[in-house]
Amino acid sequence: MDFCCAILAGILELAFPIAVNQVIDRIMPQNNFRYVLLASLGLLIFYMINTVLQYIVVYFGHVLGVNIETDMRNELFNHLQHQSFEYYDNRKTGKLISRLTTDLFEISEVAHHGPEDVFITIMTLVGAFLLMLQMHVQLAFATFSMVPLIMFALVFFNQKMTKVNTTIYENLGNFNAGVEAAVGGIRVTQSFANEPFEKDRFRLLSEGYRQAKIIFYKMMAVSSSYNYFMIRLINLFALIFGAYYTIKGELTYGQFVGFILLSNVFVRPIEKVNTMIESYPKGIAGFKRLTEELDKKPTIVDAPNAVAVDHLKGEIVYEDVSFAYEDHTKVLNHLSLKIRAGETIAFVGQSGSGKTTLCNLLPRFYEATGGKITIDGMNIKEMTLSSLRHQIGTVQQDVFLFPGTIRENIAYGKLDATEAEIVQAVKLAHLENVINQMEAGLDTVVGERGVKLSGGQKQRVAIARMFLKNPPILILDEATSALDTETETVIQESLHSLAQGRTTLIIAHRLATIKHATRIVVMSDQGILEEGTHASLMAKHGAYRKLYDAQFHEENTESFLD
């Protein structure tokens, strides 16, 4: 509808010069003003119709653009949702936000304006030129002689500005990433009194974006000035040659006026070219970035024959498993481990020994580069990602809470949970007293990333969320290492309750908290050094005993200093 109305509007624009030509040459010589009024009434009807067409073109055209933009944004967001952890390890949040916002707006502008503008420009140029030919062939060609120079400028400046726009988007991504980091880290900035440093860094980011925009507008200014001069030359040629052929008697006065009006119609789409030169490079640069992002296929996807699993017992086997990052940094090398259903396994060792990586391979947050992992005898790659991850729950040291209320954050573990289920999860997580002390209770707003809650309260919200999810396999990634001793004791009680009847993998920092584990696995960058119960490993006087004694000595020293 938008496209057809735009075409009709363009055709009606061509009718006006012809009507004026007829009024001057045929109606006015009759000296009958009534005919002039009738012709003017006909033109008024034309204008009214064109007004309605213009409304449709502007309104529905932009609605189409918004719909295109929304579809692309949804597609890109869905694409990002399925990317692996490793993908986000190498990306800045601000840059991704830029691709979801600014890039897509520019693409939608070109997507709905572009086709109709190009078609109408060509149609109007051809239509006006054919009507000019009917009036006077030589005059038509003289007027048309400037068009190739304008087209050359269009191609030349478009290429230049597309390149500049790609730089602008890159700088805008860096700018957004810098703003996101500065705002997110404001507490760290203020605690170190580093506001001047952040201001300088922001100024540099802002200046990079500013310079890129200035280069773009310089190119645009040169382009629009060049096209302005060429367009005015077309009007001048029409005036000079039209007057010449009229004086010679080859054109009537009506044809002369009609030709001047046609030349104005002729140059109007060329003027629109200036707008296209500004918007087209932005849209193309944005579209290239969009396709570049969409072409990065998720590295972790469902196998063609993957099946959904309903309930897993939790018997886990790592068989000759290896893992390395994209830069070929090896983390795990031919590691094998069997975990029985219902066992609580604690992983200990120095930082960088692969404890977290080993656990992250289980829900396929990262993909093993060698070997295989099975749960209940079934390769995890044969399960759908969604069903696999529904069977595994993770509680991390750095708890992420969404902006909103405590109720909403707990309910994230089970989106269709009833109020009774949420209240039960609160009790099991030992969060009831905390909730009761809050004026708004479960409807207390937690703030950005849960900033209004203490570390212990955030942990208990995360544990309540996990109680609601109720997975058969649980991963606890140093869930209490950042807490004080008193809070840690309360959280440990919650975690013990949560671990009952589940296969539990604990990544431990404080060894005193894992004495209850069925088995403790000691890891290093060489792999598994030893495994066993707390008592058996202490009796071995091996790597675990050294870690325990070193930590026990450190804690005693801290207690003495306190």
Quiz item: Could you list, in sequence order, the residues of region 140-156 that are at pLDDT 75 or above and within 18 Å of I284 (Cβ to Cβ)?
Solution: F156
Quiz prompt | Long-range neighbours under 7 Å by Cβ, at least six apart or interchain, first residue among the aliphatic types (A, V, I, L, M) within region 417-428, second surrounded by fewer than 18 Cβ atoms within 10 Å (Cβ to Cβ) | solution = V426/E432; L428/S497
Quiz item: Can you tell me which of L401, L415, L428 is closer than 27 Å to T504 by Cβ and in contact with a Ser or Thr (Cβ under 7 Å, 6 or more places away or on another chain)?
Solution: L428
Quiz item: Regarding D25, is this residue surrounded by fewer than 17 Cβ atoms within 10 Å (Cβ to Cβ) and in contact with a Ser or Thr (Cβ under 7 Å, 6 or more places away or on another chain)?
Solution: yes
Quiz item: For region 12-21, does any single residue satisfy the condition of being farther than 23 Å from V265 by Cα and either out of contact with any helix residue (DSSP H, G or I) (no Cβ under 6 Å at 6 or more places or on another chain) or hydrophobic (A, V, I, L, M, F, W, C) (or both)?
Solution: no
Quiz prompt | In region 399-427, residue farthest from R389 (Cα to Cα) [restricted to those that are among the acidic types (D, E) and over 32 Å from the mean Cα position of the chain (by Cα)] | solution = E419
Quiz item: Restricting the first residue to region 248-266 and requiring it to be assigned by TED's automatic domain parsing to the domain that holds H136, which pairs with a second residue that is assigned to a loop (DSSP other than H, G, I, E, B) meet a Cβ separation below 8 Å and a spacing of at least six or different chains?
Solution: E250/H136; L251/H136; Q255/H136; F259/H136; F259/L251
Exercise. Tell me the helices (runs of 4 or more DSSP H) entirely within region 41-151 that contain at least 3 residues that are more than 28 Å from the chain's Cα centre (by Cα) and touching a residue at least 12 places away in the same chain (Cβ under 8 Å).
Key: 102-135, 137-144
Practice problem: Name every residue in region 216-260 that is small (G, A, S) and farther than 27 Å from I18 by Cβ, in order of residue number. | Solution: A221, S223, S224, S225
Self-check item: All positions within region 305-323 that are buried (at least 17 other Cβ atoms within 10 Å of the Cβ) and not in a loop (DSSP other than H, G, I, E, B)
Solution: I316, V317, Y318, V321, F323
Practice problem: Six or more apart or on different chains, Cβ under 9 Å: which pairs go from a residue in region 193-217 that's assigned to a helix (DSSP H, G or I) to one that's surrounded by 13 or more Cβ atoms within 10 Å (Cβ to Cβ) and of a type in the set (K, R)? Could you list them? | Solution: F216/K282
Quiz item: For region 419-522, which helices (runs of 4 or more DSSP H) that fit wholly inside it have 1 or more residues that are at pLDDT below 85 and within 29 Å of E315 (Cα to Cα)?
Solution: 419-428, 455-469, 485-499
Self-check item: Number of the condition not met by V110 [criteria: (1) surrounded by 12 or more Cβ atoms within 10 Å (Cβ to Cβ); (2) closer than 30 Å to I260 by Cα]
Solution: (2)
Quiz item: Which of the residues that make up region 136-166 are surrounded by fewer than 16 Cβ atoms within 10 Å (Cβ to Cβ) and in contact with a helix residue (DSSP H, G or I) (Cβ under 9 Å, 6 or more places away or on another chain)?
Solution: Q138, F141, S145, L149, M151, F156, Q159, K163
Quiz item: Among the residues of region 352-371, is there at least one that is farther than 30 Å from G173 by Cβ, in contact (Cβ under 8 Å) with a residue 24 or more places away in the chain and more than 34 Å from the chain's Cα centre (by Cα)?
Solution: no
Practice problem: Enumerate the pairs (first residue in region 453-478 and among the polar types (S, T, N, Q); second residue anywhere and modelled with pLDDT under 85 and assigned to a loop (DSSP other than H, G, I, E, B)) with beta-carbon separation below 8 Å, excluding pairs fewer than 6 apart on the same chain, so at least 6 apart or on different chains. | Solution: Q457/L431; Q459/V399; Q459/A479; Q459/T480; Q459/L483
Quiz item: Does region 81-88 contain any residue that is buried (at least 17 other Cβ atoms within 10 Å of the Cβ) and more than 30 Å from L358 (Cβ to Cβ)?
Solution: no
Quiz item: Taking strands (runs of 3 or more DSSP E) that fall entirely within region 327-397, which contain at least 1 residues that are farther than 21 Å from E530 by Cβ and among the aliphatic types (A, V, I, L, M)?
Solution: 370-375, 392-396
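The values are calculated or read from the model by the stated rules, or taken from the named source; none is laboratory data. These numbers come from a predicted model, not from an experiment. Positions of Cβ are backbone-derived with ideal geometry, glycine not excepted, and every protein chain shown enters the neighbour counts.
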